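Scroll down for the structure; my scribbles are underneath it.
The values are calculated or read from the model by the stated rules, or taken from the named source; none is laboratory data. Being a predicted model, the structure only gives us computed values, none of them experimental. Methodologically, a virtual Cβ is constructed for each residue, glycine included, from the backbone with ideal geometry; neighbour enumeration extends over all protein chains shown. Each accessible area value is taken on the protein alone, full model and side chains, heavy atoms only, with ligands, DNA and RNA left out. Shrake-Rupley method; radii C 1.70, N 1.55, O 1.52, S 1.80 Å.
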Amino acid sequence: MKKLHINTSINGNSAEFLCDPDATLLSVLRDQLNLTGAKEGCGSGDCGACSVTVNGRLVASCLVLAAEVEGAEITTIEGMAEGEVLHPLQKKFLEHAALQCGVCTPGILVAAKALLEKNPDPSETEVRFWLAGNLCRCTGYDKIINAVMDAAAEMRGA
Amino acid sequence: MQYAAPETTAEATRLLADSPGTARVLAGGTDLLVQMKFGGLAPDLLVDIKNIKGMRDVTPEDGGFRVGAAVSGAEMGEHKAMRALWPGVVEAVELIGSTQVQGRATMAGNLCNASPAADSVPAMVAANAIARIAGPDGERDCPVQDIPTAPGKTSLQKGEFITSIFFPARPDNASDAYLRFIPRTEMDIAVCSAGVSLTLDTNGTCTDARVSLGAVAATVLLVQDAANALIGSKLDDSALEALGAACSAACNPIDDKRGTIEFRRDVTAVLAKRAAKIAQSRAGERS
Amino acid sequence: MALDHDTKRDFKIIGTRPLRPDGIDKVTGRAQYGADQSAAGMLVAKMLRSPHAHAKILSIDTKAAEALSGVKAIITAADFGDMRKGEAMNVRDHIMARDRALYDGHGVAAVAAINEATAKAALALIKVEYEILPHVTEIADAMRPDAPVVNAGFVQENAPKGYSENVVSAHEFGHGDLAAGFAKADKIISRTLKTAATHQGYIEPHACLASMGPDGRGELWCCTQGQFYIRTLCAEILGIEESQLRVTASEIGGGFGGKTTAFIEPVALVLSRKAGHPVKMVMDREEVFKASGPTVSSEIDVKIGMTKDGRITAGQAELRYQGGAFPNMTNWLGAQCAFAAYDLEAVNAIGINILTNRPKQAAYRAPGAPMAIYAIEAVVDELCEELDLDPLDVRLKNAARKGTKSSYGPTFDEIGLVATLEAAKIHPHYAAPLGPNQARGLSCGFWFNFGGNTSVSLGINFDGTVGITEGNPDIGGSRASISMMAAEELGIPYDKVRTIVADTNSIGHNDVTDGSRVTFAVGLATIKAARAAIKEMCKRAAKMWGIDEDAVIWEDGYAKPAGQNAGEFEPLSLAKIARKSANTGGPIAGHHEVNADGAGVSFGVHLVDVEVDPETGFTKVLRYTVFQDAGKAIHPDYVEGQMQGGAVQGIGWALNEEYIYGADGKLQNAGFLDYRIPVASDLPKIDTVILEIPNPGHPYGVRGVGETSIVPPLAAISNAVSRAIGVRMDQLPMSPPRVLKAIKGAKG
Ligand SMILES: Cc1cc2nc3c(=O)[nH]c(=O)nc-3n(C[C@H](O)[C@H](O)[C@H](O)COP(=O)(O)OP(=O)(O)OC[C@H]3O[C@@H](n4cnc5c(N)ncnc54)[C@H](O)[C@@H]3O)c2cc1C
Ligand code: FES
Ligand code: FES
């Protein structure tokens, strides 16, 4: 298989890589670029652990070919905190103990951030439906929802 | 495998037509990539249509809308005018998968994947949507219901692909609705589903209707008897009963991991009745 | 171990909610899970798996695969050691088929290659000749005398007679005169209830990175609930000594019991040894469903007698559990748990293990208990309905309490069942009004909780901070709880303590993170290790003051003279003693090793309101409240988290989750699309009420909290649905087709 040469931007930095035409964005992020924050929970779009944004849209990176992101802007969990300063969602997840094992957390944070950018004042039901594609098996979602609602409130206040 | 991202329709059809092996159109990839990982699909060529001009546009046309083949569910959901005209279609598209899947999944992909359980297809069939197809011999138009021919099979010929789907204009007092049954509230494939599109006259009598059913046969069904049950009525209980009975009768479902024959027959009728009521009240609001 | 009755009451740190030490890594994506490690020169491994439920392997031809460029090693079962008995043999044979494939997905060969694509291409080149054999995946079919024999040679003496060789063991518990008990009853109900096999559903698939030299010395990084047990299993399977292998547990992305054993690790090690390179092996989700360890499915006969005023006079159950092609102990656990919530004069439960052509079950949160208690609680609820009795009052009337001879033998010490039932009774949820098609259900739950082998080491750093080394993977905040207990005991702030989970060479043996044992047993060992360090610090203070060491006490982080007679000295802080320690005898540390007993059983009660759509059979969970005895909630957030997480797993089990096998014996839903775990939009808030009835076996009163919470939801929801539709449901999951069928059946 002939490799493709892709130019893209990841978390604001330009990135360049070679990939197989059938490689997923997730596998390139994890195995080539050492961005292992996105996880492969299923590889079939069902769990959301691999969530990233491409040109501002929330997607499952296991269902995106790396070849498709030529010229695109990608953000991952690694780009969420600014230096030492955590994003309000990250802070609220810690404060609300919204993670147990934490493997779903990067995907949920990326998804929740995409929600709050679109809708700064979501209802609890809206948060639950927006996050329905992010499976968490540990928490029962309760504390996750609380953390998102609280972060939204704080961000609206700020 | 090769990946190509042509910028014109002509080039895309040429690539598809000339490929000696298995060539597939890549739209949102939410079916294709899953099949490549778990379904044993190994295409020789993927033709990504998202870079072709116009593929991502929703354009007004003759009082209706032409939706480009690469418009994602999320983009559809954000299109207010399309939602106002064909709310049942938009709600059906929005039911596909999660937020993440919505960021990518297309209606045309949903249609061409040719799953009998595809959510947007019954809604499109009820809407009498027309697919525009580009191919080596030029363009042609084809009613959506004639695209899937069997599970996983379409009537598209080698080198052909869908470039857009057209949703026609409709009178004010007309609307549509789509309902599916799933065991959870999200992230499931329809066990059965129903789309209803109808037009009312000023008295609220139904003058025109199309009723479609999903996941109860090898392809989506357009049920004329069900439509007849509504036409001429004000969707009173007896008309709804007749609608339900016609739907149950038209079903030809299978027993599988997602549901039983009996369940699908029963619930299809329930969904059709509920969808008809929703379409009726939406039509009322528009008049 | 002597029970520690000086249960401490007056806590400064215990019961607060500090941030967890691993939190920042986990919200920034830095935490390293099983699949996140790589090594230079690493190969990628993939398994070839049987497409048949049961087949004789006539031949495996790997020649073409070996010839493929980039393939570095191929192994089959023949590359493993030849040990002939014990659990390690079962684990080995479950991972890789010997002469017969025993389930759909059973490993047949494995390849290590320079990348995943090459490994996959190699798998396609391996030719396996199978002779397909008749298979059996369901309990009743497997028991028939003429059933195909799944895996011969496991029948124990206690196995009931008259069945096929698939019926391998039976364990019986109980006491009293059943006949006399049933004779006293005003109403007796007998029912058979069934539950489907479910999967733990952890979001992180099994993953490991193995590196082993030709000398047999190895390094293994993996996501596991027990690095020591993985070491034991791998050493036995590979035929090496435990000292040869160092196992490091990664951060773990959920386990719930499913990561207490090995599924890929020995394969990666053998491949690495053979190839001479590190090997990374990661299961995909389909493999996780097909070839890890789901829980048992069950068929349970229950007979319970009750008087008109709600006293249970006798209870009897036969529990038939299938857990795949290898024997297991879940039947033994289930039979013990079935009636544990009740104080009964006459009780008997027998648990039978049956082999089928399915993967070998692994533990899943309170293994064996949810289905057993579901069956009992469903019948108790039906009796309440029939006799028109309040279901909470009936539970209270019959509740096990201190001094009750439990249904499985021991007499209970302090337990919290009555307290949880009383809390439920006065909770607003219990009295809240219900609408049409809505109903309320409740159930009790129980789990033993484990103790077990535990080692903890605690070092006082020269700057006055503290490092704790423990050996149990942290599956839900245990590093925080352990740091809190050390800080409490030492009298220093929480943030002065750092706890790490060490590899198998850096601390003494620790049993697996299971049985809800960690906060209890590791906590206990930590407190004892802290006390050992305190003793040493008092000694150092005595030395610095030039007084007798018995004349020094420890209070709130300071060494102080024991009284006026001891002399007048300014108290010495931990930090001060630490800074001087090089001059007073060297570094100060404490450690504790114990096979902890005294784990306190825990009870819970769940209340749930549901609404059932009478036209579709769809069940919506409207309101949910968990009441559970935690003994002492060290970090209440994580206790609540366990209660909520368990409840939601139970909701999934009750409503939608199930392993679906086709007539061909193949698993039909090996993915999250059709193995339906609850998603966020399915659920209401899960309210929690923590009760604290101290466990006398722990210095702070801790009981395990991780498992009890998955037990009650099954029956609570079944009881609610049954009451909502007016038909008793007797099978899980209560998927909409089943519920609708029941509704229609009742209508005639
Ligand atoms: C987690 C998850 C949940 C899902 N849930 C649902 C659901 O609830 N309901 C539902 O209906 N589906 C669901 N799906 C399936 C899938 O998302 C939809 O079918 C989606 O609409 C497919 O669109 P796509 O653009 O991603 O198609 P692709 O994967 O790009 O293509 C699908 C097929 O159509 C062909 N194709 C695509 N575009 C064209 C074109 N313009 N012309 C000709 N052929 C074309 C492709 O070659 C391929 O064979 C789900 C999928 C996932 C992963
Ligand atoms: S790994 Fe992409 S959705 Fe699960
Ligand atoms: S915290 Fe473990 S899966 Fe969400």
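Overview of results
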| read-out | value |
| --- | --- |
| Scan of segment B:160-206 for residues that are outside any strand (DSSP E or B), away from ligand 1 (no atom under 16 Å from the Cβ) and acidic (Asp, Glu), ordered by number | B:Asp172, B:Asp201 |
| Flag if A:Glu154 is open to solvent by 40 Å² or more (accessible area, probe 1.4 Å) and either touching an Asp or Glu at 6+ places or on another chain (Cβ under 8 Å) or within 14 Å of chain B (Cβ to nearest Cβ) (or both) | no |
| Residues of segment B:23-39 classified as facing chain A (nearest Cβ under 9 Å) and part of a helix (DSSP H, G or I), total | 6 |
| Test result for A:Ala97, within 15 Å of ligand 2 (Cβ to nearest atom), outside the structural domain of A:Leu18 (by TED's automatic domain parsing) and at pLDDT 95 or above | no |
| Which numbered condition B:Asp141 misses (of (1) of a type outside the set (Gly, Ala, Ser); (2) open to solvent by less than 40 Å² (accessible area, probe 1.4 Å); (3) more than 8 Å from ligand 1 (Cβ to nearest atom)) | (2) |
| Test for A:Arg128: is it more than 14 Å from chain B (Cβ to nearest Cβ) and part of a helix (DSSP H, G or I) | no |
| From B:Gly64, B:Gly29, residue being modelled with pLDDT of 95 or more and surrounded by fewer than 24 Cβ atoms within 10 Å (Cβ to Cβ) | B:Gly64 |
| One residue from C:Pro737, C:Pro678 being within 14 Å of another protein chain (Cβ to nearest Cβ), more than 21 Å from the chain's Cα centre (by Cα) and under 20 Å from B:Lys257 (Cα atoms) | C:Pro737 |
| Matching option when the condition is under 14 Å from A:Leu63 (Cβ atoms) and in contact (Cβ under 8 Å) with a residue 60 or more places away in the chain, among B:Gly54, B:Gly39, B:Gly28, B:Gly64 | B:Gly28 |
| Some residue of segment B:20-39 being more than 26 Å from the chain's Cα centre (by Cα) and more than 16 Å from ligand 3 (Cβ to nearest atom) | yes |
| Test: residue in segment C:67-77 that is within 14 Å of chain A (Cβ to nearest Cβ) and at pLDDT 95 or above | yes |
| Filter result (open to solvent by less than 10 Å² (accessible area, probe 1.4 Å), out of contact with any Phe, Trp or Tyr (no Cβ under 9 Å at 6 or more places or on another chain) and within 16 Å of ligand 2 (Cβ to nearest atom)) within segment A:117-133 | A:Ala132, A:Gly133 |
| Every residue from segment C:8-59 that is within 14 Å of another protein chain (Cβ to nearest Cβ), of a type in the set (Lys, Arg) and in contact (Cβ under 8 Å) with a residue 40 or more places away in the chain | C:Arg17, C:Arg20, C:Lys26, C:Lys46, C:Arg49 |
| Test set (1) open to solvent by less than 10 Å² (accessible area, probe 1.4 Å); (2) closer than 27 Å to C:Tyr364 by Cα; (3) assigned to a strand (DSSP E or B) - C:Asn453 fails condition number | (1) |
| Selected residue [outside the structural domain of B:Leu85 (by TED's automatic domain parsing), without any contact (Cβ under 8 Å) to a residue 60 or more places away in the chain and of a type in the set (Val, Ile, Thr)] from B:Val196, B:Val267, B:Val223, B:Val211 | B:Val223 |
| Failed condition for C:Trp653, given (1) more than 20 Å from C:Leu421 (Cα to Cα); (2) open to solvent by 10 Å² or more (accessible area, probe 1.4 Å); (3) away from chain A (no Cβ under 11 Å) | (2) |
| Some residue of segment B:167-182 being open to solvent by 30 Å² or more (accessible area, probe 1.4 Å), among the hydrophobic types (A, V, I, L, M, F, W, C) and modelled with pLDDT of 95 or more | yes |
| Complete set of residues in segment B:109-134 that are small (Gly, Ala, Ser) and open to solvent by less than 10 Å² (accessible area, probe 1.4 Å) | B:Ala114, B:Ala118, B:Ser120, B:Ala123, B:Ala126, B:Ala127, B:Ala129, B:Ala131, B:Ala134 |
| Any chance A:Leu89 is within 16 Å of ligand 3 (Cβ to nearest atom), open to solvent by 10 Å² or more (accessible area, probe 1.4 Å) and more than 14 Å from chain B (Cβ to nearest Cβ) | no |
| Candidates A:Ala114, A:Ala38, A:Ala72, filtered to the one that is crowded, with 18+ Cβ neighbours inside 10 Å and either within 11 Å of chain C (Cβ to nearest Cβ) or without any contact (Cβ under 8 Å) to a residue 60 or more places away in the chain (or both) | A:Ala38 |
| Meets criteria (more than 30 Å from A:Gly133 (Cβ to Cβ) and open to solvent by 10 Å² or more (accessible area, probe 1.4 Å)) for C:Gly598 | yes |
| Filter result for B:Ala12 (aliphatic (A, V, I, L, M), open to solvent by less than 10 Å² (accessible area, probe 1.4 Å) and not assigned by TED's automatic domain parsing to the domain that holds B:Pro183) | yes |
| Residue match in segment B:89-101 (condition: among the polar types (S, T, N, Q) and near ligand 1 (Cβ under 10 Å from one of its atoms)) | yes |
| Extreme residue, nearest to the other protein chains (Cβ to nearest Cβ), among residues of segment C:684-700 that are assigned to a loop (DSSP other than H, G, I, E, B) and open to solvent by 10 Å² or more (accessible area, probe 1.4 Å) | C:Lys685 |
| Restricting segment A:134-151 to residues that are over 20 Å from B:Glu186 (Cα atoms) and open to solvent by less than 10 Å² (accessible area, probe 1.4 Å), the residue that is nearest to ligand 1 (Cβ to nearest atom) | A:Ala147 |
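Conditions tested, residue by residue: (1) buried (at least 24 other Cβ atoms within 10 Å of the Cβ); (2) touching a strand residue (DSSP E or B) at 6+ places or on another chain (Cβ under 6 Å).
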{"position": "C:Val702", "(1), (2)": "yes, no"}
{"position": "C:Glu707", "(1), (2)": "yes, yes"}
{"position": "C:Ile710", "(1), (2)": "yes, no"}
{"position": "C:Ser718", "(1), (2)": "yes, no"}
{"position": "C:Gly726", "(1), (2)": "no, no"}
{"position": "C:Asp730", "(1), (2)": "no, yes"}
{"position": "C:Ala742", "(1), (2)": "no, no"}
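Yes/no matrix, rows are residues, columns are (1) within 16 Å of ligand 1 (Cβ to nearest atom); (2) within 14 Å of chain A (Cβ to nearest Cβ); (3) part of a loop (DSSP other than H, G, I, E, B); (4) open to solvent by less than 10 Å² (accessible area, probe 1.4 Å):
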residue: C:Ile240; (1), (2), (3), (4): no, no, yes, no
residue: C:Gly255; (1), (2), (3), (4): no, yes, yes, yes
residue: C:Thr260; (1), (2), (3), (4): no, no, yes, no
residue: C:Ala268; (1), (2), (3), (4): no, no, no, yes
residue: C:Glu286; (1), (2), (3), (4): yes, yes, no, no
residue: C:Phe289; (1), (2), (3), (4): yes, yes, no, yes
residue: C:Gly293; (1), (2), (3), (4): no, no, yes, yes
residue: C:Glu299; (1), (2), (3), (4): no, no, no, no
residue: C:Ile304; (1), (2), (3), (4): no, no, no, yes
